[in-house]
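The values are calculated or read from the model by the stated rules, or taken from the named source; none is laboratory data. What you are looking at is a predicted structure, and each value in this text was computed from that prediction instead of being measured. Please note: Cβ atoms are built from the backbone with ideal geometry, for glycine as well, and neighbour counts cover all protein chains shown.
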Amino acid sequence: MPKKLTIDSLSAELISVSNLLESAKKSGDIVGEMQLEHRLEKLTSQLQVLKEHTLQDNSASVAIFFGGKPVLGSKGIAVDFAGKALEQFQNLVSKTFAKSEIGQLGTRGKVPFKAQSELMVTGLARGSFGFVLDEMSEQTELEVSELSLVIDKATHLLRDTAAQDEAVFESLVDELDARTLLALKDMFFNLDSNAATIRVVEGDLDIVLDSAAVHRGKIRTEATTIDEDTTEVSGVLKGLLPEHRKFEIIDDSGNLVYGSVTKEAVEQFEAASKSVIGKRCTVSVTVKTVKPLNRPPREVARLIEFLNFEA
């Protein structure tokens with residue numbers, strides 16, 4: 001169960017018990033007053049420990065709530081919709097996890113590291129109908145797990161895709177690949193076509209996408225295309241920032257090629273026996289052509305690997 005939901009639940013119960021305690025005092029219910037005071041002390045202690053306890057299980061945990069047409073209050077949810085929506089969220093998490101590991105997803109084939117990104121339904125969330133999804137780990141994580149960070153990224157992708165400010169989505173697209181965009185497209189289409197809403201709670205992050213936000217996400221992902229082509233570029237390496245993963249190369253035609261860098265390429269750069277800045281090299285670069293809604297297409301380059309450093 002995400003920590004925020006547990007804190008919210010205890011806080012709500014604390015307020016309810018406090019109100020009952022005041023009523024018991026006013027009515028002279030001595031036995032009820034004693035019982036409620038004991039319950040209040042227990043809840044206060046639990047809440048304090050939860051807020052201050054740092055040596056906790058940091059395995060990934062996320063709660064997903066659905067609303068709208070497929071949901072009957074907190075009583076039930078349409079099976080077909082729920083199964084597909086959970087599968088689509090898992091697909092988004094898996095692709096986000098794979099991209100964080102290898103830096104670039106192929107246009108087809110199996111998603112790498114899929115087994116390491118799998119979540120399990122461990123319970124139902126209170127309130128509107130929802131599910132709790134947890135990472136299954138045999139030991140307690142003393143630091144935030146990698147999957148937890150990935151779920152955080154995936155949740156931000158959902159939020160920013162449906163953001164009211166279109167510039168937020170346009171900025172996001174530069175970092176997307178075609179397969180992650182497709183995962184977002186499938187999820188927003190399912191939500192919008194079923195007149196459903198979604199709320200995702202992970203760690204301290206709590207996002208709510210109402211029907212208008214869901215529709216924005218559907219329109220944007222359907223209207224955006226990403227085409228990718230990998231090519232070799234030879235030229236002079238003008239600069240590379242390992243921490244920020246950015247590069248600049250002047251190719252043999254005098255054009256400036258710049259963009260992001262994979263972890264593998266950074267490792268190659270750092271392992272070079274001497275400085276290669278200002279020297280010729282040949283690199284493998286993926287050029288992504290992004291065609292967003294109501295905007296001209298633009299190209300985004302990503303340096304995949306160094307093929308050679310020339311002396």
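Quick notes on this structure:
- Residue count, the range 80-99 (criterion: surrounded by fewer than 21 Cβ atoms within 10 Å (Cβ to Cβ) and either out of contact with any Ser or Thr (no Cβ under 9 Å at 6 or more places or on another chain) or outside any helix (DSSP H, G or I) (or both)): 8
- Yes/no for residue 190 being over 22 Å from the mean Cα position of the chain (by Cα), in contact (Cβ under 8 Å) with a residue 12 or more places away in the chain, surrounded by 15 or more Cβ atoms within 10 Å (Cβ to Cβ) and over 30 Å from residue 267 (Cα atoms): no
- Residue tally, condition surrounded by fewer than 21 Cβ atoms within 10 Å (Cβ to Cβ), β-branched (Val, Ile, Thr) and touching a residue at least 60 places away in the same chain (Cβ under 8 Å), over the range 65-79: 0
- Boolean, residue 96 is at pLDDT 75 or above, hydroxyl-bearing (Ser, Thr, Tyr) and under 19 Å from residue 191 (Cβ atoms): yes
- Residue within the range 40-61 that is at pLDDT 80 or above and of a type in the set (A, V, I, L, M) present: yes
- When residues in the range 193-215 are screened for being part of a loop (DSSP other than H, G, I, E, B) and modelled with pLDDT of 95 or more, 3 of them pass.
- Within the range 274-307, the set of residues being at pLDDT 90 or above and of a type in the set (Lys, Arg) comprises 279, 280.
- Subset of the range 255-311 (residues that are of a type in the set (Lys, Arg) and in a helix (DSSP H, G or I)): 263
- Boolean, residue 287 is surrounded by 13 or more Cβ atoms within 10 Å (Cβ to Cβ), in contact with a helix residue (DSSP H, G or I) (Cβ under 8 Å, 6 or more places away or on another chain) and not assigned by TED's automatic domain parsing to the domain that holds residue 157: no
- Residues within the range 216-250 that are surrounded by 16 or more Cβ atoms within 10 Å (Cβ to Cβ) and more than 27 Å from residue 275 (Cβ to Cβ), tallied: 8
- Leading residue by the ranking (nearest to residue 179 (Cα to Cα)) among those in the range 100-135 that are modelled with pLDDT of 75 or more and not in a strand (DSSP E or B): 117
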